[in-house]
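Participant: Structure below; questions to follow.
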Amino acid sequence: MRHYLPGRHGCLAAGFDAVEQILGRSPAAVLDLGGGVGTTAEAALRRWPAAQVAVLDADPVLLFLARAGLPASMSVLPADLSTAAWRATTSGRYDVVLVVMTLHFLPADRARELYAEIRTVLNPGGVLLMADTVPALGGPARRDDCDLSAPWSRWWSDAAGEPALREPLRSRAQAMAGMTSAEFVGGLDWHRVAALDGGFRCCRTVWRRGDHAMLAMHDTSAR
Ligand SMILES: C[S@@+](CC[C@H](N)C(=O)[O-])C[C@H]1O[C@@H](n2cnc3c(N)ncnc32)[C@H](O)[C@@H]1O
């Protein structure tokens, strides 16, 4: 993921700093949407060791690896963000929801709905951290993740040769047939409007590198 989000470590650190600034404390419960194998969620747990951290994803292979590799204290939730039904797999409310390099998989209308849905699973004063391609000015940038020699494609080729993944790969072929990334890119203004429409009162950039940005959406002003 470092290939797709250059400066990823600094991005997450800036987002986590913003969470502590906004909440005025460490979060007790964190949900990572489209969390894949859970590397972002693990970074959250390293930062906040006492937090309950959950990873949600739709991909059977990534869920298999998350269950195998993450600490037992973390929950792994199978769900599809394409409809509001994902909320049924979550339990309670969260102080932080993470959506890192995942929103672009959804079409714009669905991404807008997701913001409103996320707000309903946040505790009062909770924070949504969203990182993706978010051009600051002008029209949408083109996403360029389709290079077949890129790490994500190579990763899947390697996975295909791994015997332990044969069954999860079969499930993936069924569960994700026809599911493709929308490659959606919204500018900063798009995200601001969608966040306000979704019920958040603030949407601010807490990190930027080129066209990639981390946005924090929340209700209260920073302390
Ligand atoms: C580029 S990866 C990012 C993974 C992780 N957030 C990170 O930063 O390392 C995008 C993730 O979104 C997940 N995803 C895409 N569409 C989804 C959907 N409709 N429902 C749930 N997860 C989805 C993929 O399975 C994948 O794990």
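The values are calculated or read from the model by the stated rules, or taken from the named source; none is laboratory data. Here the structure is a predicted model, which means the values were calculated and not measured. FYI the Cβ positions are ideal-geometry reconstructions off the backbone, even for glycines, and counts take in every protein chain you see.
Participant: Could you tell me whether the stretch 6-26 includes any residue that is acidic (D, E) and more than 13 Å from the chain's Cα centre (by Cα)? First the steps, then the outcome.
Facilitator: Going residue by residue through the stretch 6-26, those that are acidic (D, E) are 17, 20.
Within this subset, residues satisfying the condition of being more than 13 Å from the chain's Cα centre (by Cα) are 17, 20.
Yes - at least one qualifying residue is present in the stretch 6-26.
Participant: Something else about it: Condition (residue is within 13 Å of the chain's Cα centre (by Cα) and either part of a helix (DSSP H, G or I) or closer than 23 Å to R154 by Cα (or both)) applied to the stretch 53-63: is it met by at least one residue?
Facilitator: Within the stretch 53-63, one or more residues are within 13 Å of the chain's Cα centre (by Cα) and either part of a helix (DSSP H, G or I) or closer than 23 Å to R154 by Cα (or both).
Participant: Please enumerate the residues belonging to the stretch 152-196 that are small (G, A, S) and surrounded by fewer than 12 Cβ atoms within 10 Å (Cβ to Cβ). Give the steps one after another, and end with the answer.
Facilitator: Of the stretch 152-196, the ones small (G, A, S) are 153, 157, 159-161, 164, 171, 173, 175, 177-178, 181-182, 186-187, 194-195.
The answer is S157, A160, G161, A164, A173, A177, G178.
Participant: What's the number of the only condition in (1) in contact (Cβ under 8 Å) with a residue 24 or more places away in the chain; (2) more than 12 Å from the ligand (Cβ to nearest atom); (3) closer than 18 Å to H218 by Cβ that R25 fails to meet?
Facilitator: With respect to (1) in contact (Cβ under 8 Å) with a residue 24 or more places away in the chain; (2) more than 12 Å from the ligand (Cβ to nearest atom); (3) closer than 18 Å to H218 by Cβ, R25 is out only on (1).
Participant: Follow-up. Can you name every residue in the stretch 91-121 that is crowded, with 18+ Cβ neighbours inside 10 Å and not in a helix (DSSP H, G or I)?
Facilitator: Y94, D95, V96, V97, L98, V99, V100, M101, T102, L106
Participant: Have a look at T83, T40 and point out the one that is closer than 24 Å to G178 by Cβ and modelled with pLDDT of 95 or more. Reasoning before the result, please.
Facilitator: On the way: T40 fails: closer than 24 Å to G178 by Cβ.
Among T83, T40, only T83 is closer than 24 Å to G178 by Cβ and modelled with pLDDT of 95 or more.
Participant: Here's a follow-up. Just one of A84, A50, A72, A111 is aliphatic (A, V, I, L, M), over 27 Å from R170 (Cβ atoms) and away from the ligand (no atom under 14 Å from the Cβ); which is it?
Facilitator: Details: A84 fails: away from the ligand (no atom under 14 Å from the Cβ); A72 fails: over 27 Å from R170 (Cβ atoms); A111 fails: away from the ligand (no atom under 14 Å from the Cβ).
Just a single option satisfies the conditions, and that option is A50.
Participant: Can you find a residue that is of a type in the set (D, E, K, R), farther than 23 Å from C202 by Cα and surrounded by 21 or more Cβ atoms within 10 Å (Cβ to Cβ) anywhere in the stretch 34-57?
Facilitator: Keep residues of the stretch 34-57 that are of a type in the set (D, E, K, R), which gives 42, 46-47, 57.
Of the ones still in play, those that are also farther than 23 Å from C202 by Cα are 42, 46-47, 57.
Okay, now just the ones that are also surrounded by 21 or more Cβ atoms within 10 Å (Cβ to Cβ), so 57.
So far as the stretch 34-57 goes, yes, one or more of its residues are of a type in the set (D, E, K, R), farther than 23 Å from C202 by Cα and surrounded by 21 or more Cβ atoms within 10 Å (Cβ to Cβ).
Participant: How many residues are within 17 Å of the chain's Cα centre (by Cα) and buried (at least 19 other Cβ atoms within 10 Å of the Cβ) if we restrict to the stretch 199-213?
Facilitator: Matching residues across the stretch 199-213 total 5.
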